[in-house]
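Participant: Supplied in C-alpha cells, the structure appears directly below.
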Amino acid sequence: MKKQIFVIHGGHARDSYEDYLKHLKEKEVDLEYLRNKSKSWKRELGDTLGTEYEVYNPQMPNAENAKYLEWKIWFEKFIPYLADDIILIGHSLGGIFLAKYLSENDFPKKIKATFLVAAPYNTPTEHPRADFNILTPLTKLEEQGGKIFIYHSKDDQVVPYSNFEHYQADLPNAHLQIFESAGHFNDEKLPEIISDIEALG
C-alpha cells in the first residue's frame, strides 16, 4: 500500500467582507506568478518522493477569503479516504488550520507526522486571520499528530518569526527546522521536507 501525504496550501483570512473587497481592488496582477504557479515544492512532492507515495493537494475553498468552517467541512470530506499513518502537511494558513483542527477535534485515523511550514499563530496584531485563531491548548495536537515538524525562516515577511516561537513554546517535543533565508517557503524545492518524510520510513 502506498504511503499517503495530504497537503493543505496557504491562503488569506479576512476580518470582514469589506476587507476582502479592498484586497481585490488593491491587488496587482502578477503574470509571472501565474506562469510559475505550478512550480512549488508542494506540487513537486509526489514526483520527488516517487511511486511509493500518494500526494494529495486539494484546493481549499476560496483561499483569498478563507473561512475556517468552510475549510473544516471540505477537509472532513477527505478523511474517509485517508489511511492510517497519514502524513499531514500545512503551509502558511494551511498550517494554522491543521494546528487548530487537530487541537479541537479527534482525528479518526492514525497520523504518522504533522508538518507545519511557515504557519501563523495567534498574534492578531501582527497577522490577523479572523476565525483561524487557535482557542484551545495544543495538547490534543501533540497527542494525535504523530511526529510534529515545524519549519520557519527568520526572514519570512508574511508570517513573522515570533509565530514560530509560539509554536516552539507550546509544542516542546516538536522537531524544529529554523532557516535563515527561505522566506515564506514559496520556492520550487524544499529538500529538507523530503529528507524528513523519507526518514519516517
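Here, each number is a calculation from the coordinates, and none is a lab measurement. Only a predicted model underlies this, so the values are computations on that prediction, with no experimental measurement involved. With ideal geometry, Cβ positions are generated from the backbone for all residues, glycine too; neighbour counts draw on all protein chains shown.
Participant: Once you charge only the Cβ atoms, +1 for Lys and Arg and -1 for Asp and Glu, what is the size of the charge dipole of the range 43-201 about its Cα centre, to the nearest 20 debye? Don't skip to the end; give the middle numbers.
Facilitator: On the way: 13 positive and 25 negative charges, 89 e Å.
For this selection, approximately 420 debye.
Participant: I've got another one for you. For a Förster distance of 22 Å, can you work out the FRET efficiency between the beta-carbons of residue 110 and residue 73, rounded to the nearest 0.05?
Facilitator: Efficiency, rounded to the nearest 0.05: 0.45.
Participant: Once phi is turned into θ = phi - 60°, what whole-Hz ³J(HN,Hα) does the Karplus curve with 6.51, -1.76 and 1.60 give for every residue of the range 154-164, x standing for Gly and Pro?
Facilitator: 5, 9, 5, 8, 9, 10, x, 4, 4, 4, 4
Participant: Next question. Once you place label points 7 Å from the Cα toward the Cβ at residue 195 and residue 29, how far apart are they in nm?
Facilitator: Between residue 195 and residue 29, the label points sit 4.2 nm apart.
Participant: How far apart, in nanometres, would the label points at residue 21 and residue 133 be if each is projected 7 angstrom from Cα along the Cα-to-Cβ direction?
Facilitator: Each label point is offset 7 Å from its Cα along the Cβ direction, giving 2.5 nm.
Participant: If you don't mind, there's one more thing I want to ask. Just from its helices, what would the mean residue ellipticity at 222 nm be for the chain, if runs of 4 or more DSSP H residues each count -39500 (n - 2.57) and the sum is divided by every residue, rounded to the nearest 500 deg cm²/dmol?
Facilitator: Calculated at 222 nm, the ellipticity per residue is -10500 deg cm²/dmol.
Participant: Excluding residues fewer than 8 places away in the same chain, name every one of the lysines whose C-alpha is closer than 21 Å to that of residue 110.
Facilitator: 2, 3, 72, 77, 100, 140, 147
Participant: If R₀ is 22 angstrom, what is the calculated FRET efficiency for the pair residue 81 and residue 43, using the beta carbon separation as r and rounding to 0.05?
Facilitator: According to the calculation, E is roughly 0.65.
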